[in-house]
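One structure is given below, encoded as structure tokens.
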Amino acid sequence: MDDELRPELKALQDRLALTGDEVRSEARAKRHARGNRTARENLEHLTDADSFIEYGQLAVAAQRNRRDYVELQSATAADGILTGLCTINADSVGDVKARAAVIVNDYSVLAGTQGFFHHKKLDRMCEMAERLSLPLVMFTEGGGGRPGDTDVATQIGGLNVPSFSAWARLHGKVPRIAVNNGYCFAGNAALFGCADIRIATRNSWIGMAGPAMIEGGGLGQFDPKEIGPVQVQERNGVIDIVAEDEAHATELARQLLSYFQGDVAEWECVDQLPLRDLVPQDRRWAYSVRKVIETLADTGSFLELQRIYARGIVTGFMRLEGKPVAVIANDCQQLGGAVDSESSEKAARFLTLCNAFGLPVLSLTDTPGFMVGPASEESGAVRRMASLFLAGAGLTVPVVAIFLRKGYGLGAMAMVGGSFLDPVYAASWPTGEFGGMGLEGAVRLGYKKELEAEEDPEKRAALFDKLVARMYEIGKASEAASHLELDAVIDPAQTRSVVVRAMAAAGWGSKD
């Protein structure tokens, strides 16, 4: 009959079925019982429907000489890693810009460990991503190197695999997003750490060695959940975004990738008039800079990285009229907005990433300058703060600077690329104030003799306030602009339109 399959085609279909969740129902049930998804469920959620073309689906672990081959076909399906090409977000950015590569480590196969063919599949996908200039999303769950691939008799340590260098070599060439849920140790953690942006669920433990390696090194016995829990790795900056679960993490990966893919046609924004009152009239009071960002951005488009690490500077992505923009901002609720060592390195890494992939930068500046003092120097301030100047000097994308309030010293200069002349447009809100150092410090230093000469504490305090007020008048935004240290002073409610026009004038969005 015409509808009867030839034997070889039927054999192929049966063989491919062994790699799917329906046949591997026991492994699927185990994943679900622990509140996790299968690798193929994550793959299906990440990729656009009917867009995935798989590489190496028929691979099995290199253990034919010690295990039944038919059993390997299901138990070690695809050798524990799903790889292929696809589109992601095609409905919003179009088919061409949506092209991507995907690697999903499968923990249900030998605990997601990296075997001989596993490595070859990973290497092949990294090579394809580089050759075709495709962004790459990798799910990294797994236990690192696999010692049981006994079919391979031509290696000793197996250290001549190119996987790690192939993945790392993509740095600055294509965006790489890593997603983790569960255990991620050794080689898998090295891959996670090399990614440009790192997402992990609350159910993650990430470390450069798992329990067996730690114990083997004579360092004691540890439960895997004692090694690199998400609470630790979020605080120290290893994780960029913490997701609630795999579904949330996958949605975040799709959203993050979209900023690198380009414009979206549909957008909306909130009323901009509230921006006029977000900075308090009393210059000593703090305010929420995230509220400023969320008001400026297209509704729902702001996504922050490393929220609780190096909290003095906020970094993240947003959209303006559908176009992707990178944003950095001082948080005056942390250290008064001072730029410390950690936040300098955080911002420098972020700016370097955005520059590599052509994302323009909006800097919302409100800082009294770099954090100073002996404790700051003990943290390596000279070296680490300088990284922000180095990153700024390397920027080729447009930078628009909006000074919300304080713009003092080297810290303010570093926030906008290294100099107030580096942005394509540098404007201030009317609340802006400027100087070589903070007003209070400048008064204490510049008028030390006058203040010490006043013996009455109340009169000394009154003199101090008078001198600060005088310096504020000298350094306020309108005066700085009149001396051409700024390009303009603007109505806060016009900020969004000003930024859009300035970036457009710089050629933003003019190239595909």
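The values are calculated or read from the model by the stated rules, or taken from the named source; none is laboratory data. Worth saying up front: this structure is predicted, and the values here are computed from it rather than measured. Neighbour counts run over all protein chains shown; Cβ positions are idealised from the backbone, glycine included.
Check whether at least one residue in segment 388-401 is within 22 Å of residue 501 (Cβ to Cβ), touching a helix residue (DSSP H, G or I) at 6+ places or on another chain (Cβ under 7 Å), of a type in the set (S, T, N, Q) and modelled with pLDDT of 90 or more, and report yes or no. Lay out the reasoning, then the answer.
Initial filter on segment 388-401 (within 22 Å of residue 501 (Cβ to Cβ)): 395-401.
Narrowing the set further to residues that are touching a helix residue (DSSP H, G or I) at 6+ places or on another chain (Cβ under 7 Å) leaves 395-398, 400.
Remaining after also requiring of a type in the set (S, T, N, Q): 396.
With the extra rule that they be modelled with pLDDT of 90 or more, the set shrinks to 396.
Yes: segment 388-401 contains one or more residues that are within 22 Å of residue 501 (Cβ to Cβ), touching a helix residue (DSSP H, G or I) at 6+ places or on another chain (Cβ under 7 Å), of a type in the set (S, T, N, Q) and modelled with pLDDT of 90 or more.
Checking each residue of segment 35-46 against the condition of being at pLDDT below 95, aliphatic (A, V, I, L, M) and in the same structural domain as residue 148 (by TED's automatic domain parsing) gives no match. Among the residues of segment 366-376, is any closer than 24 Å to residue 507 by Cβ, among the small types (Gly, Ala, Ser) and in the same structural domain as residue 481 (by TED's automatic domain parsing)? The answer is no, given that none of the residues of segment 366-376 is closer than 24 Å to residue 507 by Cβ, among the small types (Gly, Ala, Ser) and in the same structural domain as residue 481 (by TED's automatic domain parsing). Being touching a Ser or Thr at 6+ places or on another chain (Cβ under 9 Å), outside any helix (DSSP H, G or I) and more than 19 Å from residue 143 (Cα to Cα) is the filter here, so list the residues in segment 26-58 that pass it. The answer is 47, 48, 51, 52, 54, 55, 56, 57, 58.
Within segment 458-467, can one find any residue that is surrounded by 13 or more Cβ atoms within 10 Å (Cβ to Cβ) and at pLDDT 80 or above? Checking segment 458-467: not a single residue is surrounded by 13 or more Cβ atoms within 10 Å (Cβ to Cβ) and at pLDDT 80 or above. Can you say whether residue 421 is at pLDDT below 85, within 30 Å of residue 395 (Cβ to Cβ) and either crowded, with 17+ Cβ neighbours inside 10 Å or within 31 Å of the chain's Cα centre (by Cα) (or both), as far as the supplied structure shows? So residue 421 fails the test. Looking across segment 43-79, the residues that are of a type in the set (D, E, K, R) and either in contact with an Asp or Glu (Cβ under 6 Å, 6 or more places away or on another chain) or within 23 Å of residue 26 (Cβ to Cβ) (or both) come down to 44, 54, 64, 66, 67, 68, 71, 79.
Here is a yes/no grid of residues against (1) over 30 Å from residue 93 (Cβ atoms); (2) within 22 Å of the chain's Cα centre (by Cα); (3) polar (S, T, N, Q); (4) surrounded by fewer than 20 Cβ atoms within 10 Å (Cβ to Cβ):
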residue: 224; (1), (2), (3), (4): yes, no, no, yes
residue: 235; (1), (2), (3), (4): yes, yes, no, yes
residue: 250; (1), (2), (3), (4): no, yes, yes, no
residue: 256; (1), (2), (3), (4): no, yes, no, no
residue: 265; (1), (2), (3), (4): no, no, no, yes
residue: 268; (1), (2), (3), (4): no, no, no, yes
residue: 275; (1), (2), (3), (4): no, no, no, no
residue: 290; (1), (2), (3), (4): no, yes, no, yes
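The set of residues in segment 172-223 being outside any loop (DSSP other than H, G, I, E, B) and of a type in the set (D, E, K, R) consists of 176, 198, 202, 215. If you filter segment 295-340 down to residues that are without any contact (Cβ under 8 Å) to a residue 24 or more places away in the chain and over 14 Å from the mean Cα position of the chain (by Cα), you find that the one that is nearest to residue 375 (Cα to Cα) is 334. Within segment 269-314, the set of residues being in a loop (DSSP other than H, G, I, E, B), touching a helix residue (DSSP H, G or I) at 6+ places or on another chain (Cβ under 8 Å) and within 19 Å of residue 241 (Cα to Cα) comprises 302, 306, 308, 309, 310, 311, 312. Taking (1) within 21 Å of the chain's Cα centre (by Cα); (2) β-branched (Val, Ile, Thr); (3) crowded, with 19+ Cβ neighbours inside 10 Å in turn, residue 396 satisfies each apart from (3).
Of the residues 455, 450, 433, the single one that is under 30 Å from residue 508 (Cβ atoms), acidic (Asp, Glu) and at pLDDT below 95 is 433.
Taken together, the residues in segment 335-376 that are at pLDDT below 95 and surrounded by fewer than 22 Cβ atoms within 10 Å (Cβ to Cβ) amount to 7.
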